[in-house]
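Chemist: Sending over a structure as structure tokens; questions will come in a sec.
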Amino acid sequence: MNTSQVKRNKRKVGEILLAQGYINQQQLEHALEQHSSTGISLGTVLVKLGFIDEDTLNNVLGKQLELSYRKRIGDLLVDQGYITPDQLKNGLAQQKAMNLPLGKCLVKLGYIEETKLLDVLAAQLDLQHINLENFKFNASMTRMISEEMARSYKVIPLYENNGVLTVAMVDPTNLRSLDHIKFKTGKDVEPVIGTEAEILAAIDRAYVGGKDTLSDLIGGDEDKDLVLEGGKDEKEEELVGDEEGRQIIKIVNLIVSEAIRLGASDVHLEPQERNMRIRYRVDGELTEQNPIPARLMIQITSRLKVLGGMDIAEKRRPLDGRAHIQYRGKEVDLRLSTFPMLLRSRGVVEKMVIRIIDPNSEIASIDKIGFSKTVYPTIARLIELPDGIILTTGPTGSGKSSTLYAFIKQVAGPGVNVVTMEDPVEKNIPGISQGQINNAAGFTFAAGMRAILRQDPDVIMLGEMRDKETSEMAIQAALTGHLVISTLHTNDAAGAFTRLLDMGVEPFLVTSCVKGVLAQRLCRRICDKCKQQVQVPDVVLEGIGIRAGTPFYQGKGCQNCNNSGYRGRLALFELLVPDEQICRMILERKSSDEIKGYAIRQLGMATLRRDGLEKALAGLTTIEQVVAVSQAEM
């Protein structure tokens, strides 16, 4: 490699960071001057100058190795301690039989990870190994190379600088491929190195309308749809019968697969006058995606309705549907819901929301869902009671179902008969009889309760106590020696008692059966990768009753959390166990505020706000999140 080429490769790290917007041209030139005068690697100079942090450098480029000599790759791997001499000997023996380069042969034998091999190769060839997982692609760049060519050569264009096109390749030593790319683009081409899986995944993301993640969703067979019970119908055959129909299927698969990849719980498809807005709910927050052209709105909605087994001709009333798909070999359940809405220029159109459920996700145990040290022993005692009612309360999306599943997991066993009624059944638990509510067929919560009592249950789980009839039957079950676990929609724990009274349940029945009420909320968890201590203004701390100068935490944003500062969610809890005085207050029909005030002052109940502030002090979440989901103490 000539001297000028070596210098170009030394600048490559700066060009990649510049193309991705992490540094500006002035910062790059300053860092290059420092690099030339000190001899320190450019990446290290950029970190030391504070232009980027080390996590960003590693996320964009991967861990780079510095080698000042050249030798055969096998010997190099042995010298660096990545493989043993015996492994190298076996790899050389197997290489001819496998008909693979030595490096790929060693990866296939499990002796070294592909990413580590590429780091060594990159250093040996004086090339840059780039991490493409979070790379932001520019459509003007990807248009320079056709998708067919990109997949054939396992190459993807990254950026252009001074007439030189930088591309990521699996095999940058393939001069024939480089010459062909140079001929097609009319530009000088310089390669960086990437793994085959990274480059193919990057092509899936960068080339809209290409093969995309269709193969992930349907097991690699492009001729099959996302499979439902009953197979295809005539409407679906019409939809996929032409090129536009096939394109609609690919767009729908892209929407769903991207939502699953980002960990979204819901997808919102909202028709507008000019386009269809797409929003993903990730960690409880809605984030907007690129919109869909208006001309495709009806076809996309129809495709999703076919997927969910819904009537595509019915657009005047809300519909519900469900689908089962596979994503990268894992089963995923979709719950689909339409809502007719009126647009001025388009008339009645359908908004659609897709709930994404992982039926195989592990159910957390009660010691893992975030109870404080004071609340956990009481909860553990309550769910072991032989009878009574335990309620969880909170708005939709506050994690009540997950808490119920944790309770069921704790009490289930060979000697306990657990029967549930849910709408819908979100997760199947082995050994548990789970009932799916079907109002159209007459299987309501009330009808189900009458049937459950003839099933000899020990523990009954109700998805929701939503009316007087269901509540009274649940109370009768509790009075006759069953433990009933259910949910209510109230703002706090004390509100559960007044809610039951408002339904028409007699106060003496409430005091006889309800053993505990657990209110909860979900808030966003600080990203562990970029968490840092911050000083909150004293006026803010004083407003929430915290001593001035108390340190808290927040995430500054990194690749791990998509620069949001948050990753995942955690629950805040408020547990109220009624004593004799609270029972008297219920009999006297006192307000929920009076009950809550007594529980805080006399029983020392930790409210949602207090539990949240304790978790914020521990660095699990931020004050902003706690204040947003909880009310101030009385």
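The values are calculated or read from the model by the stated rules, or taken from the named source; none is laboratory data. This one's a predicted model, so the numbers in the text were calculated from it and none came from an experiment. No Cβ is skipped: glycine too gets one built from the backbone with ideal geometry, and neighbour counts run over all protein chains shown. Note: areas computed on protein heavy atoms with side chains; ligands, DNA, RNA excluded. Shrake-Rupley method; radii C 1.70, N 1.55, O 1.52, S 1.80 Å.
Chemist: No solvent, one uniform scatterer per C-alpha: report log10 I(q)/I(0) for region 484-634 via the Debye equation at q = 0.09, 0.15 1/Å, two decimals.
Modeler: -0.36, -0.80
Chemist: Can I ask one more? Calculate one ³J(HN,Hα) per residue across region 249-264 by plugging θ = phi - 60° into the Karplus curve 6.51 cos²θ - 1.76 cosθ + 1.60, and present them in order as whole Hz with x for glycine and proline.
Modeler: After applying 6.51 cos²θ - 1.76 cosθ + 1.60, I find 4, 5, 5, 4, 5, 4, 4, 5, 5, 5, 4, 5, 4, 7, x, 6 Hz.
Chemist: How large is ³J(HN,Hα), in whole Hz, for each residue of region 463-475 in order, when computed from phi with the Karplus curve 6.51 cos²θ - 1.76 cosθ + 1.60 and θ = phi - 60°, using x for Gly and Pro?
Modeler: Calculated HN-Hα couplings, in order: x, 6, 9, 9, 8, 4, 4, 5, 5, 5, 5, 5, 5 Hz.
Chemist: Compare the peptides 483-490, 506-513 by average per-residue count of other Cβ atoms within 10 angstrom and give them in order, highest first.
Modeler: 483-490, 506-513
Chemist: Kirkwood hydrodynamic radius of the chain from all distinct Cα pairs, in Å?
Modeler: One over the average 1/r among Cα pairs gives 28.9 Å for the chain.
Chemist: In a shell of Cβ-Cβ distance under 10 Å around T301, excluding T301 itself, what net charge do Lys and Arg (+1) and Asp and Glu (-1) give?
Modeler: Charge balance in the 10 Å sphere: +3.
Chemist: Now a separate question. How much of the pair distance distribution for region 419-546 lies past 19 Å, counting alpha-carbon pairs only, in percent?
Modeler: Summing the P(r) tail past 19 Å for region 419-546 gives 60 percent.
Chemist: May I ask you to order 253-260, 515-522 by the average number of other C-beta atoms within 10 Å around their residues, highest value first?
Modeler: Sorting 253-260, 515-522 by mean packing, highest first, produces 515-522, 253-260.
Chemist: Turning to a different aspect of this structure: Compute the distance in nm between two label points, each set 7 Å from the Cα along the Cα-to-Cβ direction, one at A93 and one at Q26.
Modeler: About 6.3 nm separates the two model spin labels.
Chemist: With a point put 7 Å past each Cα toward its Cβ, work out how far D311 is from N438 in nm, to one decimal.
Modeler: The two pseudo-label positions are separated by 1.8 nm.
Chemist: Along each principal axis of its Cα atoms, how long is region 340-382 end to end? Whole angstroms, biggest number first, please.
Modeler: 59, 24, 15
Chemist: What residues have an amide H closer than 5 Å to that of N161, excluding those fewer than 5 places away on the same chain, when H is modeled at 1.01 Å from N in the peptide plane?
Modeler: Amide H neighbours of N161: T166.
Chemist: Given the options A313, V353, G329, identify the residue whose Cα lies farthest towards the positive end of the charge dipole of region 289-367 (+1 on Cβ of Lys, Arg; -1 on Cβ of Asp, Glu).
Modeler: Of the options given, the answer is A313.
Chemist: Between I429, V282, A474, whose Cα lies farthest towards the positive end of the dipole of the chain when Lys and Arg beta carbons carry +1 and Asp and Glu beta carbons carry -1, centred on the Cα centre?
Modeler: V282
Chemist: Net charge within 14 Å of D179 by Cβ-Cβ distance, Lys/Arg positive one each and Asp/Glu negative one each, not counting D179 itself?
Modeler: Net charge in that neighbourhood comes out at +1.
Chemist: Can I ask one more? With a 1.4 Å probe and all protein chains left in place, how much of the accessible area of region 134-188 comes from carbon and sulfur atoms, in whole percent?
Modeler: Summing carbon and sulfur atoms, their accessible area is 46 percent of the total for region 134-188.
Chemist: What does the extension gain come out to for R246 and H180, with contour length at 0.36 nm per residue minus their alpha carbon separation?
Modeler: Here the answer is 20.6 nm.
Chemist: For region 520-572, what is the Kirkwood hydrodynamic radius in Å, using each pair of distinct C-alpha atoms?
Modeler: By the Kirkwood definition, the hydrodynamic radius is 12.1 Å.
Chemist: Related question: Which value in nm describes the separation of the simple spin-label points at K187 and F508, placed 7 Å from the Cα toward the beta carbon?
Modeler: 8.4 nm
Chemist: Continuing with the same structure: When N counts the residues of region 282-334, how does its alpha-carbon radius of gyration compare numerically with 2.2 N^0.38 Å, as a ratio?
Modeler: Relative to the 2.2 N^0.38 Å estimate, region 282-334 comes out at 1.38.
Chemist: Looking at this model, which pairs from K368/K529; K400/K515; K104/K182; K136/K182 are more than 19 angstrom apart at the alpha-carbon?
Modeler: K368/K529; K104/K182; K136/K182
Chemist: Also: Which one of L483, N131, T607 has its Cα pushed farthest toward the positive end of the charge dipole of the chain, where Lys and Arg give +1 and Asp and Glu give -1 at the Cβ?
Modeler: N131
Chemist: Related question: Could you calculate the FRET efficiency of L587 with V534 from 1/(1 + (r/R0)^6), where r is the beta carbon distance between them and R0 is 45 Å, rounded to 0.05?
Modeler: 0.40
Chemist: Rounding to the nearest 20 debye, state how big the charge dipole of the chain is about its Cα centre with +1 on each Lys and Arg Cβ and -1 on each Asp and Glu Cβ.
Modeler: It comes to approximately 1120 debye.
Chemist: Sequence-distant or interchain residues sharing an amide H contact under 5 Å with G568, placed H: which?
Modeler: The list, which skips near neighbours in sequence, is R525.
Chemist: Now for a different question. For S433, enumerate residues with amide H under 5 Å from its amide H, sequence gap 5+ or separate chain, H modeled in the peptide plane.
Modeler: It is V418, T420, by chain and number.
Chemist: Right, next: Percent antiparallel among DSSP beta bridges with both residues in region 295-448, to the nearest 5?
Modeler: Here the antiparallel bridges make up roughly 85 percent for region 295-448.
Chemist: Give the percent of DSSP beta bridges with both residues in the chain that are antiparallel, rounded to the nearest 5.
Modeler: In the chain, DSSP labels about 65 percent of beta bridges as antiparallel.
Chemist: How large is the Kirkwood hydrodynamic radius of region 548-625, in angstrom, based on all distinct alpha carbon pairs?
Modeler: Evaluated on region 548-625, it is 15.0 Å.
Chemist: Would you rank R454, R355 by solvent-accessible area, highest first, keeping every protein chain in place and using a 1.4 Å probe?
Modeler: R454, R355
Chemist: Diagonalise the Cα gyration tensor of region 456-528 and give the resulting equivalent ellipsoid semi-axes, square root of 5 times each eigenvalue, largest first, whole Å.
Modeler: That gives 25, 16, 10 Å for the three semi-axes.
Chemist: Let me ask you something else. Provide the solvent-accessible area of E624, counting protein heavy atoms only and rolling a 1.4 Å probe, rounded to the nearest 10 Å².
Modeler: Number for this one is 120 Å².
Chemist: Bin all alpha-carbon pair distances of region 269-396 at 10 Å intervals from 0 and give each bin's fraction as a whole percent.
Modeler: Answer for region 269-396: a P(r) of 10, 29, 27, 17, 13, 4, 0 percent.
Chemist: Read phi for every residue in region 602-617 and hand back ³J(HN,Hα) as whole Hz from Karplus 6.51 cos²θ - 1.76 cosθ + 1.60, θ = phi - 60°, with x for Gly and Pro.
Modeler: With coefficients 6.51, -1.76 and 1.60, one gets 9, 9, x, 5, 7, 6, 4, 5, 5, 4, x, 5, 4, 6, 5, 4 Hz.
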